[in-house]
Structures are given as C-alpha cells and as structure tokens.
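One structure is given below, encoded as structure tokens.
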Amino acid sequence: MRWHRSGTAGFREALGRAEVRGSTGAEKVSPVVGEILRSVREGGDAALAEYTRRFDRFDPGKKGFAVPSREIDAAWRRLPAALRRSLELAAERIEAAIAKVLDQGLRTADIKQDGCRTVGTREMGESIVAALDKPT
C-alpha cells in the first residue's frame, strides 16, 4: 500500500487511477447495485438484514447489527502500530476540518442554527474536503 498526502500531484494521480479502475465494468454491476438499493429503500432493515446474510454470511437477527466494543477494541489492537498512528492522524485531521467548516458557519439541515448558512450534504462534504487540503 502506498500513502499519498492529499493535495499533492501523487495523490491526485493515484486518485485518478483509482477512479478509472472503479469505473471499469460499471455497466455490469450498476443494475445489480441499483436493485439492491431499491430493495433496501423499499424493505428497510429487513432487506438490509437479508443482504447481510447473503453477502457477509452474518445473521443480524441473532446478534443485531452492532459490533460489540470489545471486538472493535481487539481489532484495533491487532493493527500494526504504524497503521494505528496513521488512522489516528487521519481522524484528527478530519475532526479539525469539520470544526473549521462549522466555525465558518456552515450547517446541514439536521444541525441548522440561527445565524448559520444551511447547505446540502454535498456542499458540506466538499467544504470539509477543501478544509482538509488546506494546511493549518
């Protein structure tokens, strides 16, 4: 796995390759994905549970969808230390970018406030990504 700092030419090049790779064969999977999304929209949790059983071979009817914190903690401890540090740094950067955007007065409809500008999730996401790309 290669790491790239966002905003660099190497990052943009790697992202471009990943985007192209992801579009290969899209015409084959798009109808299937569309059917899954339609089914989950219409069937809600029951449809989601059925796909979870089918694809993940896990029955949420027995244990629920939540992963117990002890399993999450155990998985975290199994990660190599360098990867844990990278994930912690990424989380810090994302939290800082979100805080910066909120400080700029942007809000989505679910957290709207007087005196703040309400934006859609796309604009909020793009604003957070832009804040990530700017050095602090």
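The values are calculated or read from the model by the stated rules, or taken from the named source; none is laboratory data. Values in this document were obtained by computation on a predicted structure and should not be read as measured data. Methodologically, a virtual Cβ is constructed for each residue, glycine included, from the backbone with ideal geometry; neighbour enumeration extends over all protein chains shown.
Taken together, ARG38, ARG21, ARG2 contain a single residue that is modelled with pLDDT of 75 or more, on the phi < 0 side of the Ramachandran plot and either of a type outside the set (Ser, Thr, Tyr) or surrounded by 10 or more Cβ atoms within 10 Å (Cβ to Cβ) (or both), which is ARG38. In this entry, ASP73 passes the filter for residues that are modelled with pLDDT of 95 or more and either acidic (Asp, Glu) or outside the structural domain of ASP133 (by TED's automatic domain parsing) (or both). Set side by side, the residues ALA91, ALA75, ALA82 differ, and just one is loosely packed, with under 11 Cβ neighbours inside 10 Å, within 19 Å of VAL129 (Cα to Cα) and out of contact with any Ser or Thr (no Cβ under 8 Å at 6 or more places or on another chain), which is ALA91. With respect to the conditions (1) within 25 Å of LEU83 (Cα to Cα); (2) in contact with an Asp or Glu (Cβ under 6 Å, 6 or more places away or on another chain); (3) in a helix (DSSP H, G or I), SER6 lacks only one, and its number is (3).
Kindly provide the set of residues from region 78-105 that are of a type in the set (S, T, N, Q) and in a helix (DSSP H, G or I), ordered by number. Scanning region 78-105 gives a single hit, SER86. Set side by side, the residues ALA26, ALA91 differ, and just one is modelled with pLDDT of 90 or more and either out of contact with any His (no Cβ under 8 Å at 6 or more places or on another chain) or outside the structural domain of VAL129 (by TED's automatic domain parsing) (or both), which is ALA91.
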